[in-house]
Structure formats: structure tokens, C-alpha cells
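The values are calculated or read from the model by the stated rules, or taken from the named source; none is laboratory data. Since we're looking at a predicted model, the values are computed, not measured. Glycine also receives a Cβ, built like all others from the backbone with ideal geometry; neighbour counts cover every protein chain displayed. Keep in mind that these areas ignore ligands, DNA and RNA; they rest on the heavy atoms of the full protein, side chains included. Shrake-Rupley method; radii C 1.70, N 1.55, O 1.52, S 1.80 Å.
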Amino acid sequence: MNLEQLLHQLKTDDRFLRNVTRWENLPATPARYADFPDHLNSRLVSVMRTRGIDKLYSHQAESLRLAAEGKSFVVPTPTASGKTLCYNLPVLDTILANPQARALYLFPTKALSQDQMHEVHEVVGDLGEDIKVYTFDGDTPETARRAIRSSGHIVVTNPDMLHQGILPHHTLWVKLFENLEYIVVDEIHHYRGVFGSHVANVLRRLQRIARFYGSAPRFICCSATIANPAELAQRLTGREVVEVVGNGAPGGQKHFIFYNPPVVNQELGIRQSVGKSARSIAERFMASGAQLIVFARSRMRVELLLTYLEKAGHRVGIKSGEVRGYRGGYLPLERRAIEAGLRSGAVSTVVSTNALELGIDIGRLDVCVMAGYAGTVASTWQQAGRAGRRQNLSVVILVASSSPGDQYIINNPDFFFGRSPEHATLDPDNLVILMSHLKCAAFELPFMEGEEYGGQEVREILEYLVESRILHRSADRYHWMADTYPAEDVSLRSAAPDNVVIIDQSISGGRVIGEMDLFSAQEMLHDDALYLHGAQQFHVDKLDWDRREAHVQPVQVNYYTDAQRKSELKTLTAEMERSLPYGQAAVGEVGLVSKVTVYKKIKLGTHENVGAGRVHLPEMEMHTISFWWDLPGGSAEGATDDTADEMAAVGLDLGDALKGLAHLLGRVAPVFIMADPSDLHATAMVRSPFTGHPTLYLYDAFPGGVGFARRIYDQFEEICESAHSHLASCPCPSGCPACVGPALESGGTSRRGALWLLERMGGSGPVSGGI
């Protein structure tokens, strides 16, 4: 059975269709072409034509025009739209005209760097010119590094290597920095939140060093479709950036199906798990012979789905090794072997986190199954673009989880298909992140008195570092004086510097099989945890917290573990406040103390709770930025009654209402602010020690915050209106995982109480397409 036949079968399958909330047939779109510009080197045009490219897409031609005018620009077009030529052509044209010119290509991951290097290398080979293209990352042999530094025309790297391996050693890269004409930053929509805030500071340091050597490089940025590509590129680079408008690339026919798993407990409103539904759908496509990718939201879910699909593959004749997992924590050679297998067809099914969302060339896939909403419209379209990359018929199935965010999207498909994508957010001036990179910048070059960094005065921070004996002030300069090498202690993907190394003790001497950040390690690598890696189960014999090592042994058991974290929040200062239709909105700094206390053993297949244990690990402390909704209390100005009394008068419990509302808003708000649900945490207090009133907090899950809470502060009324319409249209009587949480956990009046509060904010009632 081929793909078209399977689609026809699904269209006549009532059991499948009754759970489909939208079947969108996106027709093929024709290309819009433009001629090669006259100024482009004729040999480059000739090579393009020999490669079957007789004309440019319209957005490629516009990119060349802007490059010729000396402008920095951003190209926000979908996956497989030919963005690579938007930067390769102007860069190669410049190098052909000036062989001393240099370019730096920056990709979010090492895998993508390797992939794109091969592409530009092929064009250079066809040109027959001595243009040196090199990848420079952690896997580059020491013997090759000297040649790359001295003779590389195009250096392809990633932010981590630029941060730790190039900028601190800029004196070895004089040729590059003196002649740097272009900085190419691909996949900029990926640079948001903590990662984006770090990368913006790395680019500040890069431009500071370039100025020192007398160069003023232009930026070429590429992005998936988001609402604010030019704004994001400008925040990231600190430069004026022009947006290339329109996409001239053609697209193949795509079936986009929204699937909401069936309700398995009507009373509690519990749906079949997203993993089980995605697994059964993926199995049908595996049996059809289609090559598919399954995206899962977490490492744990990747490994669980991989375990199930490997067994399913055996039943339909798919050999071992043809079904693979792909996520962070796998070693580089393992990931590259999987990528090569996808291109060659040797791998028929891959289960991945969003690590494969980026533009790595993994060949022509037929089907994309998403086990849960990707968190943003932009990321969902990016994942969907993995199917049908060669203009063939493709299928995308979004399987919703029970979370309110997923349920809002799956039951309001017009929000997804009709909405312009979200605004990406980053905060390069986050004090924790800024301080880390000021240390790195001072190590690279002394700061002059009065010198700005990122367009702002930083003298106060530099003086603090002098007092801390990290910098030394001599006349009008601030010099690095500490013994440490600062870039080594700064992780770009976390506001905390350390990772835990995972060591397989079954091999003589131990073998490192992966690593994990400290926060995740407390939940996934505590003593007696079951750690999943490549569908292999490992028992954690010991988490050595002081040495940052997890010692594991391979096992075969029929359960996995799930840890629970408890947190305590303290409000420190309010930065901004404003009135709401009901109560006050505020944003400010909070302190958080959290601790993993217990874990549960969950049986594979049935997901029964089959045991539990205690976790003995230290508390983790951080300061971050929070939004909070301060509800009227007895002492609030203008309040005639305490909120609790008003609610009690109509048979509602304030505590239950706040608990349910925190569950709802903590999962609906990320839909609006381009955040992952794990980027934002929600908690509620019946009486906050800071406000003295009932208060609901939504806070950034990172030290110092990265802008999410501030965006909620600006959009809170819109978020509340959507949360109200979602909740009002939920068919459950008193709460379910799709709205305020199960009634047994959130309280019997939680749903009605949350509605009561949202109505005070101006909620306008049910909308069509609700649950």
C-alpha cells in the first residue's frame, strides 16, 4: 500500500476521522522566478546552470540585490525554499572579486554546520577556484586547525565553538578578522529565550573584535517564518537589518491533519496518551513503506516511542537499525550516521526531539508525525517542512496531548492556519548572561573607560568585577586578571554553567555516553532513576553531585521513572505595575528555591504506577523575572470585598480556582509568546507574602529571565480572553487535563472558579471550534 492509498483508507476510517479536528489539504504552489543579476560573476552563473539552476527564486534575487547594496538582511522563508543560495552566492561572488575576503558561517548545531559545509564545498569544487571552505568545531583535528586559521576563506562553525574556540583565541585568527566581509547566521528563529540571549552577546563580542582588527562585516540572516524576523535579527546582531519579503520557492501538495486522541475516561476528561496515539498512527505509515519522522517533546518520550516503534517495525519486516532515535546527548558520530542513513534511505523511521527541526539535509521524507504541539506556530511549520522537502506528496499529522496549550491549538485550527506566526523573544541584557559575556569580552580585549557594550554603558558592572578581583583597572583600561578561562564556564544553552556527565560503568574504565544540564539531571539522573538512551535502559547506580557524574549500568526492566519537583517562590521587587479590569498586573524579580523530592516508577505500556522512592539532592536556587496577577483583597484600594468572600458567596473555592487557573494559563500563555511550556512556570498563592492578596505568578524558568514574563505583562488581557474561551467550551463538568487539570487534583469547583476569575477580566464566552 502506497502513501496515496493509505490516505484514502484513512479518509474512510470512521474511528480515525472522529478524532480529526481538521484535515487541511495544502495544494502545490508554483515557483516565482527572477533572472540572475548582471553584476553576479559570470562563472558563478555558469556553475549554477550546470547544476540545473537556470533562474533564481524571487527571494534569492532580492537577497543578491541587497547584498550588492552593502546592506545586512534577513530571509524568513520556509524549510527547503533555497535559503542557502541567499548567502552562498553573495559570499562567493565577493571572494571571487577579492581573494583576501573572508566569511564566517554560523549554524545553531555542529550537525547543521557539517551539512551546510558540504553544500558550499560542492559549489566551490564546480567553480574550480582555490576557495578554502572549512568546518571548525570540537571535532576538528588539531593538525587541521592551523590551516583553517590562516587560509580559510569560509569558516563554518556554531555559536558554542565561536564562543569558546575562536573569540578567546582571536590573535590566532588575524587573517579572518582583518578581512571579514560577511557573517551568515542561519536559523535565527532558533535563537530565542536563553540561547538567543547568549548568542546575541557572542555576536556583540565578535563585532567588538572585528572592529579592533579594522573590519565591518555585514550580516546575512535566515529564518523560518515568524512575525518579527527583522526585529529579531536586529536584537541578535545589534545592526539595522532589512527583511526580504515573499517566498518564490514552489511547494508540493501537503495533507496536514489535526488529530485529537479519544477520551478514555469521560468523567475525568482524560484522553488517550499522546505517545500511544502517535505510536499507533506511526505504525500504520511504517507498514505502508513510507519514510517518516516522529517528533517528540522530550528526551524521555523519544526513547519510549523508539522502544515501541522498534518492536512494531519488526512485525512489518523492518530490520534492526532502520528505526533510530535522534536527540541531544547522542555522540556526534552516532548522530551523523543517522543523518546519512536518512539521506540514503537506510533509516526508514526516526524518532527525534526538535534537534532535527533545523535544516539539516536528511533527504526526502514522506510523513511527519508530531507527538504534541511543537510549542510555536513557527516550529510546527518547521517540523512539518521535514516532510515533502522535494516537492512530493507529503503528510503531516499533529497529535495533541491533553495539555491546555495543545488542546487550544487542536480545537481552534483557524488560530494555527490563519494566524501570523508569533514574535520571537530574547533579552541580551539579562544581567546574569550579560555579566558572563562581559567577563569573556574582557578576557579577549581590555575594556576602555567609557566603552559601550551592546550600545549601553557598562562601567558599573566593570567596577563591580574590579571589586571582585576578576578585572584589574590600570589607567583608563580594565584588564582580565583572574586565573580562570571565562568562556569555559559559560554554557550558551543554560544560564547555569555546569553539566552532568553520564558514564556507562559496564565497560572497563567507564565510557561517556552523554551529558545533561543540572536542572534536568536532578529529575532524570537521580539515584535509582531509569535513564533511556538510544532505546537502551540504564539504571543510575549513583549521581555524584559534587563531581557532576552519573554512573549508570545497562538493564532490562518493564518500567521507567518520573521525578517530581517542589518549588517555593518569593517576590523580591516590582519593576512595573498597571491596572487590569480585575486587580493589578505586575512584573518584577522573584527568588525561587526548588528541590526534587520523590520519583514514581511507571510501567511501560500500561503507564501504571508500580512504585516510588525518595530523592536526596540539594536545593537549587535562582533569581528570575515573573509576571503576577494581584487579585483584589480586603485591603486592596477600591475593593469592596475580598475575592475569597465573593467566590464563597456563590459556592466557589478561591484556592481551587487559583490552582486550576495556574494549570491553564501556564500552558496557554506559551502559545502566545513563542515559548516552550517548559520555559515558563506557573504557581498561585491564596495570600502572597509580598502583595498580601491572592496572586498568580507566571515566571521565566531561567536565572535572570529572558523576556517571557515581560511579554505576558503586555499581552495578559489577550491571553486571558483566549483562556476563557477555551475553558468555557471544554465539555468536562469539573476539570480535566485539557483545561484546569483533573478534578481530583484541582478541586471540584476549580473549573467554575477559574471561569469566574477570567470573566472578571472581560472573558467573552465560548468560541466556535472549542473542545
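Assorted remarks:
- Calculated on alpha-carbon atoms, Rg and Dmax of the stretch 12-90 in Å: 18.8, 59
- Hydrodynamic radius of the stretch 499-557 by the Kirkwood approach over all distinct alpha-carbon pairs: 11.0 Å.
- Placing unit charges on each Cβ (+1 for Lys and Arg, -1 for Asp and Glu) gives the stretch 361-495 a dipole about its Cα centre, and among 434, 475, 375 the Cα reaching farthest toward its positive end belongs to 375.
- For the stretch 564-760: accessible area per residue (Å², 1.4 Å): 40
- The stretch 590-628 versus the stretch 96-111: alpha-carbon centroid distance in Å: 44
- Per residue value of the accessible surface for the stretch 431-482 (all protein chains in place, 1.4 Å probe), Å²: 52
- Computed over the stretch 269-396, the ratio Rg/Rh where both radii use C-alpha atoms and Rh is Kirkwood: 0.93
- Protein heavy-atom surface of the chain, 1.4 angstrom probe: 47% of the accessible area is carbon and sulfur, with nucleic acids and ligands not counted.
- The chain: relative contact order in percent, alpha carbon pairs under 8 Å with at least 6 residues between: 12
- Within the stretch 564-760: Cβ-based charge dipole about Cα centre, in debye rounded to nearest 20 (Lys, Arg +1; Asp, Glu -1): 960
- Shape category assigned to the stretch 431-482 from the gyration tensor of Cα positions, a/c cut at 1.5: rounded
- Largest to smallest in accessible area, the residues 751, 459 fall in the order 459, 751 (1.4 Å probe, all protein chains included).
- Of the residues 728, 255, 398, the one whose Cα sits farthest toward the positive end of the charge dipole of the chain, with +1 on the Cβ of Lys and Arg and -1 on the Cβ of Asp and Glu, is 255.
- Every helix of 4 or more DSSP H residues in the chain counts as -39500 (n - 2.57), and over all residues that averages to -10500 deg cm²/dmol at 222 nm.
- Within the chain, percent of DSSP bridges classed antiparallel, to nearest 5: 60
- Volume of the convex hull of the stretch 186-226 (Cα atoms only), normalised per residue: 59 Å³.
- Debye-sum result for the stretch 33-243 in log10 I(q)/I(0), which assumes one identical scatterer on each alpha carbon, at q = 0.08, 0.10, 0.12 Å⁻¹: -0.25, -0.39, -0.57
- Ordering of 94-104, 322-332, 503-513 by packing is 322-332, 94-104, 503-513, highest average first (other Cβ atoms within 10 Å, averaged per residue).
- Gyration tensor verdict on the stretch 564-760 (Cα atoms; rounded if a/c is under 1.5, prolate if a/b is larger than b/c, oblate otherwise): oblate
- Dipole orientation for the chain: of the candidates 491, 682, 60, 60 has the Cα lying most toward the positive pole (charges on Cβ; Lys, Arg +1; Asp, Glu -1).
- Rounded accessible area of residue 566 (nearest 10 Å², 1.4 Å probe): 140
- Sorted on the mean count of surrounding Cβ atoms within 10 Å across their residues, most packed first, peptides 218-224, 260-266 read 218-224, 260-266.
- Taking all Cα pairs closer than 8 Å and separated by 6 or more residues, the relative contact order of the stretch 564-760 comes to 20 percent.
- Scaling the Cα radius of gyration of the chain by the globular reference 2.2 N^0.38 Å produces a ratio of 0.97.
- Within the stretch 33-243, antiparallel bridges make up roughly 10 percent of the DSSP beta bridges whose residues both belong there.
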